Amino acid sequence: MEESEPVSPTGQYFTSSVISVSVVAVLESQHPIDDSQTTSLLRHVFLPINPRFSSVMVKDKNGVKHWKKVEVKLQDHVKVPTFPQGKSPDFYDGCFSDYLSKVAIDQLPLTKPLWEIHIVKYPTTTAAGNVVFKLHHALGDGYSLMGALLSCLQRADNPAIPLTFPAFNAKTEARRADRSVCGSLGRAVSGVINTVCDFGWSLLKSSAIEDDVTPVRSGDEGVEFRPITISTLTFSIDEIKQVKASLGVVSASIFLPV
């Protein structure tokens, strides 16, 4: 990547003095983790995926941020935490939760490429080991970053075959194609109205109307400087289907970032 390539406006905003946003992903392993090949995999598989994984942000004389290619010191990006030995999985659940919260709140140094990998070798109640990926949002959006991580993985049954995911339901797509023109026009008009209403409501919320106090939003001053913790909640497929049926939405609409 050339030094002259500027950082996107979104990337500059996510690395401003006001906000710093990172994506944290956890990969659970069914087997104890062997990290002997970590350096080789990162250098030959992970880094070539995206030039930004081996670049840092620099400012030109006008204060505009650009990506600059640098030599990556992998040992500075791979962390292997140490917990007390010989404890139970329940004990390591607490250790891992506390460690994950610390990883989430610590900011990535801008003097190095904006990513880290944390290899947790201790067994929890849900996995024999965990790999935590922390990537700054300036590197890309969630879709591209997840695509980069998934491209590093291989199938257990046959590594030569690329990863596959369930395809769209052909019958559902056919039914959508058979809908009438009037129905399509109605949906288009409804979409325009909803967009205008949502945009107007967003303007009011950002300028004149204050958000309600909720269990998520306390309304207290300086809440962004308080310690945070990460909690997890597991839903079964049946529970997701029940919520989906009750709300009348697709499965992807059930999960919202908080």
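The values are calculated or read from the model by the stated rules, or taken from the named source; none is laboratory data. Because the structure is predicted, anything quoted here is derived from the model rather than measured. All Cβ positions, even for glycine, are placed from backbone atoms using ideal geometry, and neighbour counts span all protein chains on display.
Residue count for the stretch 110-132 under the criterion of being over 15 Å from ILE33 (Cα atoms) and either charged (D, E, K, R) or surrounded by 19 or more Cβ atoms within 10 Å (Cβ to Cβ) (or both): the result is 5. Of the residues in the stretch 173-190, at least one is among the hydroxyl-bearing types (Ser, Thr, Tyr), modelled with pLDDT of 80 or more and part of a helix (DSSP H, G or I). Considering the stretch 223-239, the residues that are over 21 Å from the mean Cα position of the chain (by Cα) and of a type in the set (Val, Ile, Thr) include one that is modelled with the lowest pLDDT, namely VAL223. Just one residue in the set LYS134, LYS87, LYS112, LYS102 is of a type in the set (Lys, Arg), in the same structural domain as ARG52 (by TED's automatic domain parsing) and assigned to a helix (DSSP H, G or I); that residue is LYS102.
Would the stretch 55-73 turn up any residue that is part of a loop (DSSP other than H, G, I, E, B) and buried (at least 17 other Cβ atoms within 10 Å of the Cβ)? Yes; the residues of the stretch 55-73 include at least one that is part of a loop (DSSP other than H, G, I, E, B) and buried (at least 17 other Cβ atoms within 10 Å of the Cβ). Suppose the filter is surrounded by 14 or more Cβ atoms within 10 Å (Cβ to Cβ) and in contact (Cβ under 8 Å) with a residue 40 or more places away in the chain; does ILE105 pass it? Spelling it out, it is not the case that ILE105 is surrounded by 14 or more Cβ atoms within 10 Å (Cβ to Cβ) and in contact (Cβ under 8 Å) with a residue 40 or more places away in the chain. Could you tell me whether the stretch 198-215 includes any residue that is within 30 Å of PHE96 (Cα to Cα), in a helix (DSSP H, G or I), modelled with pLDDT of 75 or more and among the hydrophobic types (A, V, I, L, M, F, W, C)? Scanning the stretch 198-215 turns up no residue that is within 30 Å of PHE96 (Cα to Cα), in a helix (DSSP H, G or I), modelled with pLDDT of 75 or more and among the hydrophobic types (A, V, I, L, M, F, W, C).
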